[in-house]
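Peer 1: For reference, the structure I am asking about is given below.
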Amino acid sequence: MKITTVNKKSIEVSDNTFSAPFNEALVHQVVNAMLSGARSGTKAQKNRSQVSGGGAKPWRQKGTGRARAGTIRSPIWVGGGRAFAARPRDFSQKVNKKMYKAAMRSVLSELLREDRLVVLDKFDIKQPKTKEFKKLIEKLKTDSALIVNDKFDENLFLSSRNVKNTEYSNVSSINPVSLMKFEKVIMNLESLKIIEERLA
């Protein structure tokens, strides 16, 4: 299939990568796995054996008129341990390479069908000025964009970092979550070729 760049240049791209049907269930599974993997899972609470104190029985078993108690660190006491204490957890889910690549193809194809994937010949930002970058964004008629470049461009990064709802990324760092997060994905021609090679 053919894609037309912003500069009206027509390029041939792989049907396998950019014309795949949208597999909602697969994309949902991969996105869910990525978001789960990003969770820290460091929540922790102390159970009755970990709370300090409470070694001695508070009062004798019988004769006081109060309920029997073996420790002041019981879960029903103020300052006591937690009955079902939270423990650090690993929320990560396994995603096969084949599934991940299929999800990427599915997302990229859907972005292209919805005219949300914009391809430029190259990013021509000569100075690290936000004003220059804003002109580019206004020209492409969007206020929410993921900028994808084949290599780190300091001028482009510095120009875009203060613009609201805009994120800069190298082509090696993109994933289904970042691609779906923004209204448009703007990439240069070289990035498109790299993606095509990786997902072939």
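Peer 1: What are the residues in segment 102-129 that are in a helix (DSSP H, G or I) and surrounded by 15 or more Cβ atoms within 10 Å (Cβ to Cβ), if any?
Peer 2: Result: Ala102, Ala103, Met104, Arg105, Ser106, Val107, Leu108, Ser109, Glu110, Leu111, Leu112.
Peer 1: Restricting attention to segment 168-192, which residues are in contact with a strand residue (DSSP E or B) (Cβ under 9 Å, 6 or more places away or on another chain), part of a helix (DSSP H, G or I) and of a type outside the set (A, V, I, L, M, F, W, C)?
Peer 2: Hits for segment 168-192 are Ser173, Ser178, Lys181, Glu190, Ser191.
Peer 1: Small (Gly, Ala, Ser) and within 30 Å of the chain's Cα centre (by Cα): which single residue out of Ser52, Ser74, Ser40 fits that description?
Peer 2: Being small (Gly, Ala, Ser) and within 30 Å of the chain's Cα centre (by Cα) holds for just one of Ser52, Ser74, Ser40, which is Ser40.
Peer 1: Please tell me if Lys46 is of a type in the set (Lys, Arg), touching a helix residue (DSSP H, G or I) at 6+ places or on another chain (Cβ under 7 Å) and surrounded by fewer than 17 Cβ atoms within 10 Å (Cβ to Cβ).
Peer 2: For Lys46, the condition - of a type in the set (Lys, Arg), touching a helix residue (DSSP H, G or I) at 6+ places or on another chain (Cβ under 7 Å) and surrounded by fewer than 17 Cβ atoms within 10 Å (Cβ to Cβ) - is not met.
Peer 1: When you look at Asn165, is it at positive phi and among the polar types (S, T, N, Q), yes or no?
Peer 2: So Asn165 passes the test.
Peer 1: In addition: Which of the residues that make up segment 1-39 are assigned to a loop (DSSP other than H, G, I, E, B) and either exposed (fewer than 12 other Cβ atoms within 10 Å of the Cβ) or aliphatic (A, V, I, L, M) (or both)?
Peer 2: Passing the criteria: Met1, Val6, Asn7, Lys8, Val13, Ala20, Pro21, Ala38.
Peer 1: A further question follows. Pairs under 8 Å by beta carbon, first residue on the phi > 0 side of the Ramachandran plot in segment 169-188, partner assigned to a loop (DSSP other than H, G, I, E, B), six or more apart or different chains?
Peer 2: Hits for this filter: zero, empty list.
Peer 1: Given the criteria in a helix (DSSP H, G or I) and among the β-branched types (Val, Ile, Thr), does Ile147 qualify?
Peer 2: no
Peer 1: Here is a follow-up. Determine, yes or no, whether Ala83 is of a type in the set (Gly, Ala, Ser), assigned to a loop (DSSP other than H, G, I, E, B) and within 30 Å of Asn188 (Cα to Cα).
Peer 2: No; evaluated as a whole, the condition is false for this residue.
Peer 1: Of all residues in segment 137-159, which are more than 23 Å from Ser172 (Cα to Cα) and either aliphatic (A, V, I, L, M) or at pLDDT 90 or above (or both)?
Peer 2: Scanning segment 137-159 gives a single hit, Leu140.
Peer 1: Output the qualifying pairs, or none if there are none: Cβ atoms under 6 angstrom, residues six or more apart or on different chains, first residue in segment 125-141 and more than 13 Å from Asn165 (Cβ to Cβ), second residue surrounded by 15 or more Cβ atoms within 10 Å (Cβ to Cβ) and acidic (Asp, Glu).
Peer 2: Listed by first residue and then by second, the contacts come to Ile125/Glu132.
Peer 1: So Thr42 ticks every box in (1) out of contact with any Pro (no Cβ under 6 Å at 6 or more places or on another chain); (2) in a loop (DSSP other than H, G, I, E, B); (3) not acidic (Asp, Glu) but one. Which box is left unticked?
Peer 2: The one condition Thr42 does not meet is (1).
Peer 1: When you check Arg113 against the structure, is it out of contact with any strand residue (DSSP E or B) (no Cβ under 7 Å at 6 or more places or on another chain), in the same structural domain as Phe182 (by TED's automatic domain parsing) and farther than 13 Å from Val30 by Cβ, yes or no?
Peer 2: Yes; evaluated as a whole, the condition is true for this residue.
The values are calculated or read from the model by the stated rules, or taken from the named source; none is laboratory data. What you see is a predicted model, and the numbers here were worked out from it, not measured in a lab. FYI the Cβ positions are ideal-geometry reconstructions off the backbone, even for glycines, and counts take in every protein chain you see.
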